[in-house]
Every structure is written in C-alpha cells, then in structure tokens.
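Notes to accompany the following structure.
The values are calculated or read from the model by the stated rules, or taken from the named source; none is laboratory data. Computed from a prediction, not measured in an experiment: that's the story for all the values here. Note: ideal-geometry Cβ built from the backbone for every residue, glycine included; neighbour counts use all protein chains shown.
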Amino acid sequence: MKKLIVAAVAALVVSASFADKVTLKSGSFLTGTVAGASGDEITFNSDDLGEVKIKVANIVSLEDAGEHVVRYNDNTRETKRLAVDKGVYVVDTKPLDMSNVKEIDPVEETWHGSINVAYNAARGNTRENTATVLANVNRRWEKDRINADFGYYYAKSGQTGGDDLRTKDKWEIELKHDHFWLEKVYSYENAKWERDVIQDLNARYRLGVGLGYQWLDGDVFESTGKWSFNQELGVNWIKEEFADETDDDKKGGFCALRYGHHLEWEPIWTEGVALFHNAEILPDAGDWDKYLAKCDLGATTKLIYDFDLLAKIEWEYNSQPAGDRKKADVRYILGLGYKW
C-alpha cells in the first residue's frame with residue numbers, strides 16, 4: 001500500500017513539473033498546458049477550468065511553455081520555446097519583436113476549396129430551368145500558392161407546348177500559380193479555357209505571366225475585421241475560335257495586357273460573413289479597341305456546419321463579340337455552397 005501511495009505522489013510531482021503555469025495580473029494563477037498562441041492571446045488548457053483564452057497583456061508570467069511555431073512576415077518559420085513576462089512574449093530571455101511576426105502557431109496549410117450550386121425551375125405557362133455550378137480549390141505554402149476555378153452556367157426556357165430555347169451555356173476552367181519572391185511581391189502564371197455556346201464561342205484559350213503585389217494577406221484590423229487584397233499586371237496570349245468564323249484576321253491569337261485584383265473582407269461585427277470583389281481587364285496590345293473585361297461582387301454567409309450561402313453579381317464584357325451578339329453579359333447568382 002505504501003508503495004502505491006509513493007508511486008501516486010511521484011506521478012503527481014512529475015506531471016506538475018511538466019505543467020505550464022500562468023500567473024495573471026490579479027495575482028491568481030492557472031496550471032495546465034498551452035494549447036496554442038495567436039498574436040495577442042493564448043489558448044490554455046487549465047487543469048481546473050478546461051480550455052480558456054487569455055490575453056497576453058493580462059499575463060504577468062508564463063512558465064515552462066512548450067515549443068511553438070513562429071511565422072514571420074516574410075513567411076519563414078522557426079520553432080521557439082516561448083514564455084511571457086509582464087504581457088510581452090519572451091524568447092531566450094529577450095522580448096520577441098512582434099512587428100516582425102505574422103502568426104504564432106499558424107494553422108497548418110492544406111488544400112481548401114468550395115463548391116456552390118444554384119438551380120431554379122419554373123412550370124406552368126412558362127417552362128424554365130436555370131443552373132450554375134461554381135467550384136474552387138486552393139492551397140498556400142510558404143512561398144507558393146495554387147488556385148483552380150471551375151464554372152458552368154446553363155439556362156433554358158420556353159412556353160408550355162412550344163420549343164425550349166437555350167439562353168445560357170457557358171463553361172470555364174482556370175488554373176493559376178503564384179510564387180512569392182519577397183514578402184509581398186510574387187510572380188504568377190495562369191491558364192484559362194472558356195466555351196460559350198450562346199456567344200458562338202467554341203473555345204478561348206489563355207496563357208499568361210505577370211507580377212503581383214499582396215497588399216494585405218488575411219491581415220486583421222481591430223476596428224474593421226480581416227482583409228486580403230492583391231493587384232496584378234501581366235501579359236496574356238489569347239486565341240479565340242468562333243463558330244462559322246470567316247474573318248482570317250480573327251482566327252489567330254493575339255497578345256493582351258492584363259490587370260487584375262482581388263479583394264476579400266470579413267467584417268468584425270458580422271461573424272461568418274465574407275464579402276469579395278474581383279476584376280480583370282485584358283486589352284489587345286495591337287488594337288486598343290478590342291478588349292475583354294470581367295468583374296464580380298458578392299458575399300458568402302455561413303449557414304450551418306461547413307455549408308454557406310453565396311450571393312453575387314457577375315459582369316462580363318467583350319468589345320468585339322461574334323456576329324450580332326451583345327457585348328455585355330450580367331449574371332445574378334444565389335446558391336448553396338459547401339466549403340472545406
């Protein structure tokens with residue numbers, strides 16, 4: 001019996017020696033383990049209270065903290081044993097320069113993506129079917145970023161007893177790779193394929209390269225929320241194949257300049273809501289009267305689990321469409337999505 005008691009006491013002493021201890025400004029303290037750190041607060045698994053989040057500014061000292069990953073502004077990483085002294089992170093008895101730190105214990109990057117589906121049907125005097133499928137897959141590494149997009153738009157309508165007319169039948173697939181040479185400066189390569197039956201466009205192929213600047217990359221501002229914003233300049237080679245095209249000048253490819261930007265905002269006062277805006281314009285380098293343009297404006301809001309609601313407006317413009325087709329197309333999309 002005495003041996004069991006001694007063993008139990010020894011086990012308690014050993015576990016206590018490996019426990020982290022947080023002393024607060026109030027004079028109270030907690031023992032347990034540090035589960036993570038994110039800038040101005042730590043997540044602490046307390047022996048008595050369970051998981052709690054504590055502002056670093058309220059900590060007098062943090063003893064025996066485990067090793068944590070520090071991600072710097074240039075996206076390089078180091079594993080450090082962190083402590084806190086009087087509201088300041090300390091590494092090797094020296095204060096950690098937080099102005100050079102982007103994240104502490106960043107979430108390990110993996111593949112992310114989303115798929116959104118919108119469908120509308122009408123029956124009666126009018127017969128109508130409208131469907132939109134949008135998908136995205138992306139991943140970010142320390143120096144590289146990959147983004148792939150897929151879109152399909154379809155609409156068919158008519159009167160009961162009559163013939164149906166297709167009013168929308170468009171496909172698009174795009175792949176883009178970014179490589180960061182500096183903290184905010186990156187080069188990119190992109191490729192895109194499009195088909196629009198209503199525009200008599202059998203195929204449009206695009207290959208491009210350029211430079212981008214990442215002004216904001218998930219930066220959090222206490223007064224407004226989380227922001228991402230980047231701008232890009234580059235060149236694209238574009239080849240278009242129209243149905244029944246007879247103009248030999250239009251059968252070859254052409255070189256286009258490219259400007260694009262992406263903006264995303266997650267307001268601090270509306271949890272689960274994200275607003276976004278994308279824009280792109282491609283003028284023909286040899287004929288400034290010819291250009292392509294596209295932009296969108298929309299929002300997603302979380303519904304339940306990983307499902308969300310997507311609402312957006314898309315505007316697309318071709319200054320020289322085939323035949324008598326209109327130059328601009330506008331699409332209004334409201335759909336259910338799944339995000340991972």
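Being of a type outside the set (A, V, I, L, M), modelled with pLDDT of 85 or more and either outside the structural domain of Glu240 (by TED's automatic domain parsing) or more than 30 Å from Glu78 (Cβ to Cβ) (or both): is that true of Gly151 here? Answer is yes for this residue. Checking every residue in the stretch 111-120 against the condition of being part of a loop (DSSP other than H, G, I, E, B), farther than 18 Å from Ala155 by Cα and touching a strand residue (DSSP E or B) at 6+ places or on another chain (Cβ under 7 Å) gives at least one match.
On inspection, Lys3 fails the criterion of being modelled with pLDDT of 75 or more and either outside the structural domain of Arg140 (by TED's automatic domain parsing) or exposed (fewer than 14 other Cβ atoms within 10 Å of the Cβ) (or both). Looking only at residues in the stretch 164-221 that are touching a strand residue (DSSP E or B) at 6+ places or on another chain (Cβ under 9 Å) and outside any strand (DSSP E or B), the one that is modelled with the lowest pLDDT is Asp164.
From the list Thr43, Thr33, Thr23, the lone residue that is at pLDDT 65 or above and under 30 Å from Lys143 (Cα atoms) is Thr43. Within the stretch 153-166, one or more residues are closer than 20 Å to Arg195 by Cβ, of a type in the set (Gly, Ala, Ser), surrounded by 15 or more Cβ atoms within 10 Å (Cβ to Cβ) and out of contact with any helix residue (DSSP H, G or I) (no Cβ under 6 Å at 6 or more places or on another chain).
Identify the single condition in (1) over 16 Å from Ala121 (Cα atoms); (2) surrounded by 13 or more Cβ atoms within 10 Å (Cβ to Cβ); (3) free of Cβ contacts under 8 Å to residues at least 40 places away in the same chain that Phe180 does not satisfy, given that it satisfies every other one. Only one criterion is unmet by Phe180, namely (3). Glu142 fulfils the conditions (1) surrounded by fewer than 16 Cβ atoms within 10 Å (Cβ to Cβ); (2) in contact with a strand residue (DSSP E or B) (Cβ under 8 Å, 6 or more places away or on another chain); (3) over 30 Å from Asn75 (Cα atoms); (4) not β-branched (Val, Ile, Thr) except for a single criterion, (3).
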